[in-house]
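Worksheet: one structure, shown below.
The values are calculated or read from the model by the stated rules, or taken from the named source; none is laboratory data. All values derive from a computational prediction rather than experimental measurement. Quick reminder, even Gly has a Cβ in these numbers, built from the backbone with ideal geometry, and neighbours come from all protein chains shown. For the accessible areas, the whole protein counts, side chains as well, though only heavy atoms, and no ligand, DNA or RNA atoms are used. Shrake-Rupley method; radii C 1.70, N 1.55, O 1.52, S 1.80 Å.
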Amino acid sequence: MLARFGNLASEEASIVPQMSIFKQLILGLLLPAIAGGGILILAKSIALKKESEYKNGLASRWLIAVALSAGYIVGYIGLEGLPPFPPREGVHWLCYLAIIGLISGAFWHSSRSGRLIVQVGLSIVIPRLLLNSAFKYTWGQFEGVIWWMGIAVAIFIFWHIVQQSFTLLPSGGSSPFVYFGISGGTALILSVSGSLRLAQHAGILVAVFAASWILTLVGQRSENKWQVFPISASPVVALLLSGIWMNGYFYEEVPAMSAILLAIALFLAPVGRIEKVQQLGARRSTFIQIAIIALPVVIAIGIAVARSGLFGESSDY
């Protein structure tokens, strides 16, 4: 009798982690993809309407930013629940970064000077908020100022590169595929670095960008091609990736070189504009451009795997 109860208890214990994994797959991957994909389809349907072309164009472009932001927020709530306010941990800020990016994207087509002011302001404020515990307990006053200035400049430059990449990458599925790869590399690096919780948040972005990529490929088969990400989506993409990378490096065990390589991958996007590369033809030049962008991501993954000691003794980077 006791053995029977023991077997039942062990079976129940094995079911619990299976249910937890199933819940994470549904809430962290499937629902974000459905939410983001549904809004992307709505954005495309609005863009195809003929009346009030200018206003509909603005609405559809902002809805793409809404799709990316809403997809992440749905996944965040599925994994973490509603975020506390004020946030107590760096990861809690990620949901608010998605909301800030969404609000910023609504006004991103207003004026260039306005965009610049918002970029500078958020680049300065966000490191201080997200890394508050490091400023309080880890860094001295002078060291904190140096870190603050360096991170603010890095976020501003990365944000600008993200915005540029939407026009530098070929039209069609290239943009969502590139960001799908960068998010996937981020999730893998975080997981081998021991931060499964943060890897799940990067996985939300993987699901959202995967849905964007698939829908873009399907849209290309129709008479009207799906548009690439508009500049109004850059606040959501730049802030979420920056937030995940800062959490991974400062609060987890992500190697410094891996974080740097992930951040600089998009700096290689202009290679597609080189004349000799363009002369190879559209398909080959696109392949070369994406492959060169992927190279630092692959190296970053290799460094994280070597550091983790997964296949032997760990190395320091």
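Ranked by accessible surface with a 1.4 Å probe, highest first, in what order do 251, 76, 137, 96 come?
Listed by decreasing accessible area, they come as 137, 251, 96, 76.
With θ taken as phi - 60° and the coefficients 6.51, -1.76 and 1.60, list the Karplus ³J(HN,Hα) couplings across the range 106-111 in order, rounded to whole Hz; mark glycine and proline as x.
Result, rounded to whole Hz: 5, 10, 6, 9, 6, 7.
Just how much of residue 273 is accessible, in Å², when a 1.4 Å probe is used and the result is rounded to the nearest 10?
Only protein atoms counted, so the area is about 130 Å².
Please work out how much accessible surface residue 191 shows to a 1.4 Å probe, ignoring ligands, DNA and RNA, in Å² rounded to 10.
40
Taking only protein heavy atoms into account and a 1.4 Å probe, give the accessible area per residue of the range 112-168 in Å².
57
Would you list 107, 156, 209 from the most to the least accessible area, probe 1.4 Å?
107, 156, 209
Starting from the residue with the highest accessible area, list 257, 149, 246 in decreasing order, probe 1.4 Å.
Of 257, 149, 246, the descending order of accessible area is 149, 257, 246.
Would you kindly find the accessible area of residue 253, with a 1.4 Å probe and non-protein molecules such as ligands, DNA and RNA excluded, rounding to the nearest 10 Å²?
Here the accessible area works out near 120 Å².
Obtain the nm distance between the two label points defined at residue 136 and residue 298 by a simple spin-label model: each point lies 7 Å from its Cα along the Cα-to-C-beta direction.
4.4
What's the carbon and sulfur percent of the range 249-293's accessible surface, probe 1.4 angstrom, rounded to a whole number?
Carbon-and-sulfur percentage of accessible area, whole number: 61.
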